[in-house]
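So the structure is just underneath, and the comments pick up after that.
None of the figures in this text is laboratory data; all of them are computed from the coordinates on show. These figures come from a predicted structure and were not determined experimentally. Methodologically, a virtual Cβ is constructed for each residue, glycine included, from the backbone with ideal geometry; neighbour enumeration extends over all protein chains shown.
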Amino acid sequence: MKNLSDISIQYIKGVGPNRRKLFNRLGIESVEDLLYFFPRRYEDRRDLTPIAQLKLGEWQTISGTVVTSEGKRSWYTKKHVFEVLLDDKSGRLTCIWFNQPYLVNYFKLGGRVVCYGKVDMYKNSLQMISPEYEVVEEEEESLAMGRIVSVYPLTRGITQRYLRKTIKACLDHYQDQMVDELPVPLRNKHRLVNIKRSIHNIHFPESFEEQDEALRRLSFEEFYFFQMSIILRRLSITQKPGYSHDISDGLTLKFISAFPFKLTSAQNRVIREIRGDMSRPRPMLRLLQGDVGSGKTLVAFFGCVAAFENGFQSAIMAPTEILARQHYEKVEGMLKNGSFKDMRTVLLVSGLKKKEKEKIYQQIRLGEFDLIVGTHALINEEVVFKNLSFVVIDEQHKFGVRQRALLSEKGSNPDILIMTATPIPRTLCITLFGDLDVSIIDELPPGRGKVKTMLFSDAQSQEVYRLVREKVNGGDQAYIIYPIIEESATLDLKAAQQMYEDFKKTVFKGLRLGLVHGQMKRQEAQKIMVQFKNNQIDILVATTILEVGVDVPEANVMVIEHAERFGLSQLHQLRGRIGRGFKDGLCLLVAEPSTAEGTERLKAILSTHDGFKIAQHDLMIRGPGRYFGRHQHGLNELKVANPATQLDVLELARKEAMALLHDDPQLMEEGHLRIKQIIKKRYPTYLEMVAAG
């Protein structure tokens, strides 16, 4: 019998070769893909709210008959507007869509329609703007009305009713061929329903209890196999021989005393944790989390010093040249006239001239540098270390798995410290980094300025610019940040450049302005950043390249234009660039949010400065996949499980995975070979990951 993953979607009733291409756009190629294409939400259509009883401002589902429909062009905005008037005998409601003239082909007079959207009042009439809609045909009512109905992600050419009908046909034909991957004893132990029942009930539940039961079972399976791969990866690294560094109390005290300020208790705690790891003969694998400005680089530098004092080399790899240069400058500043000034450091970035790079390669190979700071240039095959024992990888989620592997392969199982200023909620830590020990710097150095955050509408932008001018006249420097989104990068860049020109001629006339954006040559951008740092520029107009790697203590004012277009963690990172000295900072958000998600993001950034609380907000708003981007290993495979909302299931699955691997760490027992095959199938990069750590 063929595996369901080997049967093309085109052989399902109602699909065929042409529609197969539409399904491919949703990532559905096989029968198995379709069965595991899960709903994004559910609508309870067993007892819909009558139009007359709808509540203003709430998102609700209604059903009605089309009374009128018309398309027209707005005289004010020139947008195409399509309006449908629905009636359900208790009342009437108008639905409005913009720039979708093709909708005239969908809504027929007298036809039945289900709409889901936010209910508002306009000129004494109820309305929904751009609601989700579904035209219901009489013969398909059994799947669309009088029950809990699944709502799926779509692509143009596929409707909810067609997708639902196709999934039903697929289940009817192939459900009995499904193989349950979870061992029976494990299912029985935790009362998990079998796979056939789970898949049926996730798509067509008779009750929300059935849907919850199916969700729990499918989530457990996803967490279980993913945690298995995570734990196997840790075992594959920590069981290898590593470097045992001799780190005395004297060396630790010498390091802590080398600075003109007192380290925070969190920094001291993490230094103790790193010291403990580096003293053991097994490779360290540790994640260091800390907010912007919490002093992570200093703590990481302790590991570099420990390697140096033991006669070894160390490396720090950053995702951008700006950030690599900042790390290098910080390290140089710490070494200058300090207790470890004999330590030889170098900056290796792709922007260096060929001859210069070749000379550095030779010096690294001969051991003439003790600490090498750089970008992905460090993993160039020409870079050969003499004796690398300690590696720091900064903002690791911006590197691919293979890139991280290449750096760790440069030594014989070096100790690895992964740093991030993007706080990671505990649930995601377990999910994605369950193979790492975790250290957290959860306090900022004393005496740091506080940052006040304020929200303004576009109409209030002149007030924002007045505040900026007032602050600059008082001696502060300011950033004005514009978003650059890939889909509209050219237009976005033009907007930033245009505003820069306008500012010089109007609101900020007489002040010194600079412009930095991602399309500039590196030397040009670097020159402007140096001028800003040296207080030769009052206001820096910049794009989101500022997100990481800028440290200008005198810059205490930031305007973020179109703030609704930024992600929550982006906003937090940007805001972290001000208030870095002793003076308080002022962050001014200019925004016109048009979605519920955009509004939630702005509420969250206004409510707290705590990076971990913001990370948790971000995770809840976006879900785990979009929190890191789907390229992050593990999140592609979590099709239904959500670590943000299912911590209990995640911890249960992890506990069971650990118990099995404790007894059979190589998965060599006869009953476990199948589990090994499943992991390799679900994670094609499995062997690469084991190397990457």
task = Using only the alpha carbons of the chain, determine the length spanned along each of the three principal axes and report them from longest to shortest in whole angstroms.
result = 84, 76, 44
Among LEU347, PRO319, PRO283 the positive-end extreme of the charge dipole of segment 257-347 (Cβ point charges) = PRO283
key: Estimated dipole of the chain in Debye, rounded to 20 [Cβ of Lys and Arg +1, of Asp and Glu -1, Cα centre]   = 1400 debye
remark   = Within segment 251-337, DSSP-loop chymotrypsin sites (Phe, Trp or Tyr not before Pro) with at most 16 other C-beta atoms within 10 Å are PHE261
Virtual spin-label span in nm between VAL67 and LEU186, 7 Å along Cα→Cβ = 5.7 nm
ask   = So for ILE199, ILE481, fewest C-beta neighbours within 10 Å to most, what's the order?
value = ILE199, ILE481
request  = Please work out the FRET efficiency for the pair LYS123 and ASP551, using the Cβ-Cβ distance as r and a Förster radius of 56 Å; give the result to the nearest 0.05.
outcome  = 0.60
note = hull vol. (C-alpha, convex hull) per residue for segment 43-151, Å³ -> 106 Å³
query = Which loop-located GluC sites (Glu not before Pro) does segment 1-86 contain, where loop means any DSSP state but H, G, I, E or B and the Cβ has at most 13 other Cβ atoms within 10 Å?
reply = GLU58
Charged-residue dipole, Cβ positions (Lys, Arg, Asp, Glu), segment 43-151 about Cα centre, Debye nearest 20 = 620 debye
request  = Apply the Karplus parameterisation 6.51 cos²θ - 1.76 cosθ + 1.60, with θ equal to phi minus 60°, to every residue of segment 359-371 and state each ³J(HN,Hα) to the nearest whole Hz, in sequence, with x for glycine and proline.
outcome  = 5, 5, 3, 5, 5, 5, 4, 7, x, 7, 10, 8, 10
request  = Please work out how much length the chain gains when fully extended from ASN534 to ARG41, using 0.36 nm per residue of separation minus the C-alpha to C-alpha distance, in nm with one decimal.
outcome  = 172.2 nm
query = If r is the Cβ-Cβ distance from GLN523 to GLN239 and R0 is 35 Å, what FRET efficiency results, to the nearest 0.05?
reply = 0.15
task = Would you calculate the volume per residue, in Å³, of the smallest convex hull containing every Cα atom of segment 87-137?
result = 94 Å³
note = Cα extents of segment 458-591 along the principal axes, largest first, in whole Å, come to 39, 36, 32
message = Within segment 116-153, name every residue whose backbone N is under 20 Å away from a label modeled 7 Å from Cα of PHE208 along the Cβ vector.
response = 116-119, 144-152
key: Cα-based convex hull volume of segment 507-547 per residue, rounded to whole Å³   = 74 Å³
message = Under the 0.36 nm per residue contour assumption, what length would be gained going from the current alpha-carbon distance of GLN100 and ARG156 to full extension?
response = 18.9 nm
note = Taking 0.36 nm per residue of separation between LYS341 and GLU597 and subtracting their Cα-Cα distance, the length gained on full extension comes to 87.1 nm
key: GLN10 versus LYS613: modelled label distance in nm, points set 7 Å from Cα along the beta carbon direction   = 5.6 nm
query = So if we plug the beta-carbon distance of SER130 and ARG92 into 1/(1 + (r/R0)^6) with R0 = 25 Å, what FRET efficiency do we get, rounded to 0.05?
reply = 0.85
query = Of MET317, MET658, how do they rank once you tally other Cβ atoms within 10 Å and put the fewest first?
reply = MET658, MET317
key: Restraint check, LYS79/LYS108; LYS504/LYS527; LYS189/LYS240; LYS336/LYS527, Cα-Cα greater than 28 Å   = LYS189/LYS240
inquiry  = With 19 Å as the cut-off, how large is the P(r) tail for segment 440-534, expressed as percent of Cα-Cα pairs?
reply    = 57 percent
remark   = A correct fewest-to-most ranking of LEU232, LEU660, LEU588 by other Cβ atoms within 10 Å would be LEU660, LEU232, LEU588
note = In terms of the charge dipole of segment 458-591, which places +1 on Lys and Arg and -1 on Asp and Glu at the beta carbon, the residue among GLN531, GLN573, TYR482 farthest towards the positive end is GLN531
message = List the trypsin sites (Lys or Arg not before Pro) within segment 263-343 that DSSP assigns to loop and that have no more than 11 neighbouring Cβ atoms inside 10 Å.
response = LYS336, LYS341
